[in-house]
Amino acid sequence: MKTKETPVEVGATRAAAGRGVSAVDPIDAPGGNAADGAPAGETTIGGPGTEEAPELSGIGRGLSILGDRWVLLILQRAFLLRIRTFAGWRDELGISESVLAARLKELVKNGIFVQQAYRDGRTRLEYRLSDAGLRLWSLLVAIYSWERDWAGREDLLPLIHHSCGHDAHPYLACGSCHKPMTARDTHTERGPLATFSRVGLARQHRRTTPRGDFRTDIIGYCPSSLEILGDRWSTSVLAAAFLGVRRFVDFQNELGIAPSVLTDRLKRFVELGVLQPATGRQYRLTDRGLAFFEVFAFLVYWAQRELPGPEGSDLDITHKPCGSPLRPVLQCRHCDEVLARREIHFDLSATPGQA
Ligand SMILES: [Zn+2]
Ligand SMILES: [Zn+2]
């Protein structure tokens with residue numbers, strides 16, 4: 001893949017910089033881009049100059065908020081176990097109070113939780129998911145779904161679809177044409193300011209836990225998806241891979257990431273079977289990595305709607321078969337209906353692995 005390395009100047013016209021790229025570099029689908037009439041496989045590294053870094057794009061903000069394993073676990077427990085109190089998360093997750101307080105503060109600041117006072121003898125505070133927070137349900141279910149299909153999680157609980165009564169075993173579909181959607185049949189136009197550089201710099205407290213020390217529990221998540229999504233640099237590397245970045249040097253330019261950190265994340269992704277090394281110090285998404293598009297699609301969709309960035313900072317993803325803009329939905333594998341948050345539940349009584 002050819003990659004343009006010259007950084008696009010801030011203020012460059014959208015037409016010049018908003019070049020079409022494929023959301024994926026089809027490993028085994030030569031000419032996958034031909035139908036777009038776009039310069040096949042060419043990507044524009046849209047990083048603005050470092051001195052005048054603009055406000056982060058929606059996706060950049062989304063990655064910086066959600067690319068954190070504790071945040072994912074806090075949200076997951078809020079949805080599944082309806083935990084709303086500081087003590088509830090602390091006891092359930094065994095998380096240190098200072099880390100939990102910092103994460104909750106950030107989630108409130110970013111409008112995902114709303115703090116509410118309630119009376120329990122004395123006045124206490126609880127954290128409720130805002131409407132924007134509630135809309136994250138599909139992202140969390142997409143992680144579950146990826147784990148179930150690609151991380152060998154036989155132990156995950158079935159997700160029951162109320163209207164058909166069956167295990168929904170969700171799949172990603174296009175909300176316009178309702179056909180299944182994969183990374184390979186989407187096309188991405190990238191705004192000139194759709195950059196992820198600095199995503200990893202925005203927060204100091206990284207890696208508060210060593211890798212792999214989470215117990216694997218039946219309501220998820222497993223260490224591999226926490227490693228893919230639960231660290232800001234990792235999520236950014238994966239996002240760049242979905243945008244067609246392949247070469248080490250391009251990841252570096254794109255993300256403004258230290259070479260040692262980049263080397264570490266790429267190595268882990270290869271070990272996890274998400275990326276595979278190719279000649280010329282390149283890294284390509286494997287099928288397992290491509291399947292993570294299911295999660296990425298919901299992340300992009302949510303972030304761009306809930307955390308809009310400056311003009312020109314969006315990714316415009318299109319579902320090629322129908323030409324509609326990205327509107328990811330999860331559908332039931334049994335009845336093919338679109339799943340809604342209130343119409344599904346995890347069967348907590350099921351024996352894992354025997355469902
Ligand atoms: Zn479609
Ligand atoms: Zn169903």
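Could you give me the residue pairs with C-beta distances under 6 Å whose first residue belongs to region 314-339 and is under 17 Å from residue 58 (Cα atoms), whose second residue is away from ligand 1 (no atom under 14 Å from the Cβ) and in a strand (DSSP E or B) wherever it lies, and which are 6+ apart or on separate chains?
Between residues of region 314-339 that are under 17 Å from residue 58 (Cα atoms) and residues that are away from ligand 1 (no atom under 14 Å from the Cβ) and in a strand (DSSP E or B), the close pairs are 315/188; 315/190; 316/189; 317/188.
Of everything in region 154-167 that's modelled with pLDDT of 95 or more and assigned to a loop (DSSP other than H, G, I, E, B), which residue is farthest from ligand 1 (Cβ to nearest atom)?
Among those that are modelled with pLDDT of 95 or more and assigned to a loop (DSSP other than H, G, I, E, B), it is 165.
If I ask for residues that are surrounded by fewer than 21 Cβ atoms within 10 Å (Cβ to Cβ), more than 16 Å from ligand 2 (Cβ to nearest atom) and over 19 Å from the mean Cα position of the chain (by Cα), which ones from region 154-175 would you list?
Within region 154-175, 154, 155 meet the criteria.
Being without any contact (Cβ under 8 Å) to a residue 60 or more places away in the chain and either surrounded by fewer than 17 Cβ atoms within 10 Å (Cβ to Cβ) or in a helix (DSSP H, G or I) (or both): is that true of residue 145 here? Spell out the reasoning first.
On the way: without any contact (Cβ under 8 Å) to a residue 60 or more places away in the chain: no; either surrounded by fewer than 17 Cβ atoms within 10 Å (Cβ to Cβ) or in a helix (DSSP H, G or I) (or both): yes.
For residue 145, the condition - without any contact (Cβ under 8 Å) to a residue 60 or more places away in the chain and either surrounded by fewer than 17 Cβ atoms within 10 Å (Cβ to Cβ) or in a helix (DSSP H, G or I) (or both) - is not met.
Name the residue that is farthest from ligand 1 (Cβ to nearest atom), counting only residues in region 305-354 that are polar (S, T, N, Q) and under 28 Å from residue 240 (Cβ atoms). Give the derivation first.
At the first step, the residues of region 305-354 found to be polar (S, T, N, Q) are 313, 318, 324, 331, 349, 351, 354.
If we keep only those that are under 28 Å from residue 240 (Cβ atoms) too, we end up with 313, 318, 324.
Numbers: 313: 24, 318: 9, 324: 5 Å.
Out of the qualifying residues, it is 313.
With the structure loaded, tell me whether residue 178 is within 16 Å of ligand 2 (Cβ to nearest atom) and under 23 Å from residue 348 (Cβ atoms) or whether it fails that test.
No.
The values are calculated or read from the model by the stated rules, or taken from the named source; none is laboratory data. These figures come from a predicted structure and were not determined experimentally. Note that each Cβ is placed from the backbone with ideal geometry, even for glycine, and that neighbours are counted across all protein chains shown.
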